[in-house]
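Below you'll find the structure, written out as structure tokens, and then a few comments.
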């Protein structure tokens, strides 16, 4: 989510090429972090696979549409999306602690070292998750993001997953979503092997470190950091969309 | 539920990490040796790795009789294949 704006804003890369590199970085971070989170049990593989049906559909349509949408429109849409996400996360009063409940068919359970106990949850409002999945997949295809920027808040706020389960499951999902979009970009020649390769290697190092560090923080701390970063980038993207350059 | 999924989670975890390592080595070789073919090969393996994870999960669920989840995995693989085809148009 932060790579594409950084490439556009600070390195002068076109939005389509940045989106292509962004998708590769998403796949790399997803594979790296998900391999860790799947072992821990924080990533809900069942829920992720089910929600992926709509995210991949959205990614395909977004990837095809990206070739026809003007660049400043894409940048502005990205900035507006980030503003909305920041606001949703900021107003969320859920402290991240979940009452123990039976897991259900798509539920999950994991040990949280930050609070020292096992967390059990059962996802609610699956239709909302599926709808958000399509939208996040669409964004993935259009903007070269993983879709986690929408998946995580919806899974946490509406499907009532603990923040760690939401981020870990989203991490698993975004790799599949991004792969579907990346296949479209690659076929069109919108992926630069050198730039893509460099961001992949950087993303792998960063995501492995992030997966280890994330296990040590409480849900609320992660949410606050996510919110502030999202807001910072949204302002910059909107400025770029309206003022160009 | 977490225990029931443990074999699939571990298998998919290993698939994702193995694909990532292979792709990373090829990409690194491509950058260091200025070999475009290696870099492109690494990128293709990277793009295919999540699909391989879905394949591994689907095979596991099919073997254990969880037909709905196996069908979900099969549907995902068909969709990913469609996206790859669309990219060539």
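The table that follows gives values for the structure above.
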{"quantity": "Tilt relative to chain B, helix B:36-63 - C-alpha long axis, 0 to 90 degrees, to 10", "calculated": "10 degrees"}
{"quantity": "Span from the the stretch B:15-68 Cα centroid across to the the stretch A:145-196 one, whole angstrom", "calculated": "16 Å"}
{"quantity": "Average partner coverage of B:68-78, which counts Cβ from other chains inside 10 Å", "calculated": "3"}
{"quantity": "Cα-projected label distance for residue B:85 with residue B:10, points at 7 Å along beta-carbon direction, nm", "calculated": "3.8 nm"}
{"quantity": "Sorted peptide list for A:144-157, A:175-188, criterion being average Cβ within 10 angstrom, highest first", "calculated": "A:175-188, A:144-157"}
{"quantity": "Length released on extending from residue B:33 to residue B:21, taking residue separation times 0.36 nm less the Cα-Cα span", "calculated": "2.5 nm"}
{"quantity": "Calculated [θ] (222 nm, deg cm²/dmol) that DSSP helices of n ≥ 4 give over chain A, each run adding -39,500 (n - 2.57)", "calculated": "-25000 deg cm²/dmol"}
{"quantity": "Relative packing of peptides B:32-39, A:106-113, A:18-25, A:121-128 - highest average C-beta neighbours within 10 Å first", "calculated": "A:18-25, A:106-113, A:121-128, B:32-39"}
{"quantity": "Cα-based helix-to-principal-axis angle, B:67-87 vs chain B, degrees rounded to 10", "calculated": "30 degrees"}
{"quantity": "Peptide-level mean, for A:36-48, of C-beta atoms on other protein chains within 10 Å", "calculated": "5"}
{"quantity": "Residue list for the stretch A:102-131, given a label point 7 angstrom along the Cα-to-Cβ vector of residue B:64 and an amide N cut-off under 17 Å", "calculated": "A:103-110"}
{"quantity": "Distance in nm between pseudo-label sites at residue A:87 and residue A:221 (7 Å out along the Cβ direction from Cα)", "calculated": "3.0 nm"}
{"quantity": "Rounded to 10°, Cα long-axis angle of helix A:126-143 versus longest principal axis of chain A", "calculated": "30 degrees"}
{"quantity": "Neighbouring partner chain Cβ atoms per residue of B:38-44, average, 10 Å criterion", "calculated": "5"}
{"quantity": "Label point distance in nm, residue A:68-residue A:228, each placed 7 Å from Cα along Cα→Cβ", "calculated": "4.2 nm"}
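Read-outs throughout are calculated quantities, based only on the coordinates presented, and are distinct from any laboratory measurement. Since the structure is predicted, the reported quantities are computational estimates derived from the model, not experimental observations. Neighbour counts are summed over all protein chains in view; Cβ atoms, including those assigned to glycine, are modelled from backbone coordinates with ideal geometry.
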